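A.B. asks: To start, I am sharing the structure in question, which I have written as structure tokens.
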Ligand code: SF4
């Protein structure tokens, strides 16, 4: 068998919204950014109905804590947006939708300030300047700092001496006394970032700026309010399915949930959407086939992107293969099946990786999808002989 053929993945550089959807292989992707990171039972039931009426009945939970309806027909987009607007799930215009890139911790508690900062920040951003594509905020004043590993450029975090506002990667920050002050500081930091000249072609990330600045330049250029050395909150581990203080963390295979499942769960409570492709159900979870409520569930050991036919860049279907191999993945390990070298579903290193090529799947160990490798197997071969990937008698790995 010849070596894998690498197809250079296309980097789009922007994220879809509800008002500005993105075309994919199975139709439009319409991304809904829940206000306050929460969808009520009524909104969930409505989204399920809209997905069935205008989409393909599949809804993704994104790693930016959004829900995205898949397979939406172009002609149905207007009716879908009207339905979402009736549910209170969309912004007034495209600009407002893009600016409201604010993630909140699903573990917030009433009175901990998370929702108050969110509201003040969204208000503060409403008339703000256009920010770089993908530039976002995280707000987490709950105990545990669980959003620390989720993508964000400006973070509002719990601190022993107040509310900490800092740029991603920064070891200095500003302390605020209340929600309004914290939101104001976050907007100030965003405006400062825009003035640094670090935005090129509508792109720019805070962590990149921090890395580019020398210590002297940081001191010279950063607004004085953000120059206090702070103990950056410790990064926590990824939450798992199961009962938590706020309800039940529930997962779905590949972070994708059917409209039927959403409708079935809607009467059991609101969802807080997480960046871990799970939902925090504000209540007890019913026993439903396909609903993941245990951390030991083998389906949590596999990650797979949309693959073919949903993604136009995919060189093969991914999810049936990943599901078929899930039981063979050792506990504690992760298998990443990627439809191309872009590795959307798991940008980091995975214990086991299968990357689709024109010649079959290239197997890798302790690698990223973009690392590629020698040797390729068909999905049927891998399903029949999982030891090609997991065993000792496999083709050479990186
Ligand atoms: S990794 Fe998967 S979802 Fe991403 S571009 Fe490639 S095939 Fe598409």
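The values are calculated or read from the model by the stated rules, or taken from the named source; none is laboratory data. Values in this document were obtained by computation on a predicted structure and should not be read as measured data. For neighbour counting, all protein chains shown are included, and Cβ atoms are generated from backbone atoms with ideal geometry for every residue, glycine included.
A.B. asks: Please state which one of 185, 164 is surrounded by 22 or more Cβ atoms within 10 Å (Cβ to Cβ) and in a strand (DSSP E or B).
C.D. replies: Residue meeting the stated conditions: 164.
A.B. asks: So which residues in segment 344-362 are surrounded by 23 or more Cβ atoms within 10 Å (Cβ to Cβ) and under 15 Å from residue 303 (Cβ atoms), if there are any at all?
C.D. replies: Matches in segment 344-362: 345, 350, 352, 353, 354, 355, 356, 361.
A.B. asks: May I pose another question? Restricting attention to segment 92-112, report how many residues are assigned to a loop (DSSP other than H, G, I, E, B) and in contact (Cβ under 8 Å) with a residue 12 or more places away in the chain.
C.D. replies: Step one: filter segment 92-112 for residues assigned to a loop (DSSP other than H, G, I, E, B), giving 92-93, 100-101, 105-112.
Subset that is in contact (Cβ under 8 Å) with a residue 12 or more places away in the chain: 93, 100-101, 105-109, 112.
Number satisfying all stated conditions: 9.
A.B. asks: Sticking with this structure for a sec: Can you give me the ranges of the strands (runs of 3 or more DSSP E) entirely in segment 281-390 with at least 1 residues that are more than 16 Å from the ligand (Cβ to nearest atom) and over 24 Å from residue 65 (Cα atoms)?
C.D. replies: 350-357, 360-367
A.B. asks: Suppose the filter is under 22 Å from the mean Cα position of the chain (by Cα), under 26 Å from residue 148 (Cα atoms), modelled with pLDDT under 95 and assigned by TED's automatic domain parsing to the domain that holds residue 253; does residue 271 pass it? Break it down into steps so the answer makes sense when it comes.
C.D. replies: On the way: under 22 Å from the mean Cα position of the chain (by Cα): yes; under 26 Å from residue 148 (Cα atoms): yes; modelled with pLDDT under 95: no; assigned by TED's automatic domain parsing to the domain that holds residue 253: yes.
Spelling it out, it is not the case that residue 271 is under 22 Å from the mean Cα position of the chain (by Cα), under 26 Å from residue 148 (Cα atoms), modelled with pLDDT under 95 and assigned by TED's automatic domain parsing to the domain that holds residue 253.
A.B. asks: Continuing with the same structure: Output the qualifying pairs, or none if there are none: Cβ atoms under 7 angstrom, residues six or more apart or on different chains, first residue in segment 288-307 and over 10 Å from residue 326 (Cβ atoms), second residue away from the ligand (no atom under 16 Å from the Cβ) and part of a loop (DSSP other than H, G, I, E, B).
C.D. replies: Sorted first by the residue in segment 288-307, then by its partner, the pairs are 291/285; 292/241; 293/241; 293/285; 294/241; 295/240; 295/241.
A.B. asks: Which one of the conditions (1) part of a helix (DSSP H, G or I); (2) more than 25 Å from residue 273 (Cβ to Cβ) does residue 118 fail to meet, given that it meets all the rest?
C.D. replies: (2)
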